[in-house]
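The values are calculated or read from the model by the stated rules, or taken from the named source; none is laboratory data. Note that the structure is a prediction, hence the values are computed from the model and not measured. Glycine also receives a Cβ, built like all others from the backbone with ideal geometry; neighbour counts cover every protein chain displayed.
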Amino acid sequence: EAGVAQSPRYKIIEKRQSVAFWCNPISGHATLYWYQQILGQGPKLLIQFQNNGVVDDSQLPKDRFSAERLKGVDSTLKIQPAKLEDSAVYLCASSLDLAGGLEVDTQYFGPGTRLTVL
Amino acid sequence: AQKITQTQPGMFVQEKEAVTLDCTYDTSDPSYGLFWYKQPSSGEMIFLIYQGSYDQQNATEGRYSLNFQKARKSANLVISASQLGDSAMYFCAMREPTTGNQFYFGTGTSLTVIP
């Protein structure tokens, strides 16, 4: 079974530029998550989709970040314009989302995209 | 209040020895799940082990076991027979179905295995 795919793996941009990340979850996984992980910290949830609907985007800086999950499969995360403090690893994860929200529903992560903003 | 607390920023262990990584959690939900992930320097988060709040026995997966003490709200990870490849960051996480199945991560523990 293929894992979570992300691209690109690395991206270097200058501040005020735009950048987009792509994620393809594990086939059949209903829930998709985007996390931001700053060096030395744990992952911070940016947005959570269930199928193509947003479940939680309370920590997404909506003035510059946007995300979509068209057709409930692939997802893109965009930053426009980027700031220096956006330098981080952006992790995508997916989970099956068993009926009833059983706690056994494990998240599986992609390799991440390491963003450097100069 | 922090949902997940990992109090050990860094740990060292001798190769072939066992090591315990601490994790405490905070929830008022009766149903929840606890997870441990390993993050090597390559950056990918690797799922290690899961413990459900209703599980009567401690979870085990190969050299990994979870010391689950529900009354103390702790879920420590035990790695037996440490190997050099175990050197990585380790994150404890919790999932609460009543909060939209959101995952809460701790700040992580950096484990270094010494040859």
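Key figures
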| quantity | calculated |
| --- | --- |
| Matching residues, region B:39-62, being surrounded by 13 or more Cβ atoms within 10 Å (Cβ to Cβ) and of a type in the set (D, E, K, R) | B:44, B:55 |
| Region A:1-29: number of residues that are of a type outside the set (Val, Ile, Thr) and closer than 12 Å to residue A:75 by Cα | 9 |
| Region B:63-98, subset among the hydroxyl-bearing types (Ser, Thr, Tyr) and surrounded by fewer than 16 Cβ atoms within 10 Å (Cβ to Cβ), residue nearest to residue A:105 (Cα to Cα) | B:98 |
| Near pairs, Cβ below 6 angstrom, 6+ apart or cross-chain, from region B:88-113 (more than 7 Å from chain A (Cβ to nearest Cβ) and more than 17 Å from residue A:47 (Cα to Cα)) to any residue that is among the basic types (Lys, Arg) and in a strand (DSSP E or B) | B:88/B:38; B:90/B:38 |
| Checking residue A:5 against (1) closer than 30 Å to residue B:9 by Cα; (2) surrounded by 13 or more Cβ atoms within 10 Å (Cβ to Cβ); (3) modelled with pLDDT under 95, the condition it does not meet | (3) |
| Qualifying strands (runs of 3 or more DSSP E) (wholly inside region A:37-96; at least 1 residues being over 13 Å from residue A:20 (Cα atoms)) | A:44-50, A:53-56, A:88-95 |
| Strands (runs of 3 or more DSSP E) wholly inside chain B that include at least 2 residues being farther than 30 Å from residue A:59 by Cβ | B:10-14, B:19-21, B:64-69, B:74-79, B:109-114 |
| Selection status of residue A:110, under 30 Å from residue B:29 (Cβ atoms), out of contact with any Phe, Trp or Tyr (no Cβ under 9 Å at 6 or more places or on another chain) and exposed (fewer than 14 other Cβ atoms within 10 Å of the Cβ) | no |
| Residues within region B:44-62 that are over 21 Å from residue A:107 (Cα atoms) and at pLDDT 90 or above, tallied | 1 |
| Selection from region B:13-35 of residues that are away from chain A (no Cβ under 11 Å) and either under 16 Å from the mean Cα position of the chain (by Cα) or buried (at least 17 other Cβ atoms within 10 Å of the Cβ) (or both) | B:13, B:18, B:19, B:20, B:21, B:22, B:23, B:24, B:25, B:26 |
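One line per residue, one yes/no per condition, for (1) within 11 Å of chain B (Cβ to nearest Cβ); (2) buried (at least 16 other Cβ atoms within 10 Å of the Cβ); (3) touching a strand residue (DSSP E or B) at 6+ places or on another chain (Cβ under 7 Å):
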site	(1), (2), (3)
A:33	yes, yes, yes
A:40	yes, no, no
A:44	yes, no, yes
A:65	no, yes, yes
A:71	no, no, no
A:81	no, no, no
A:89	yes, yes, yes
A:94	no, yes, yes
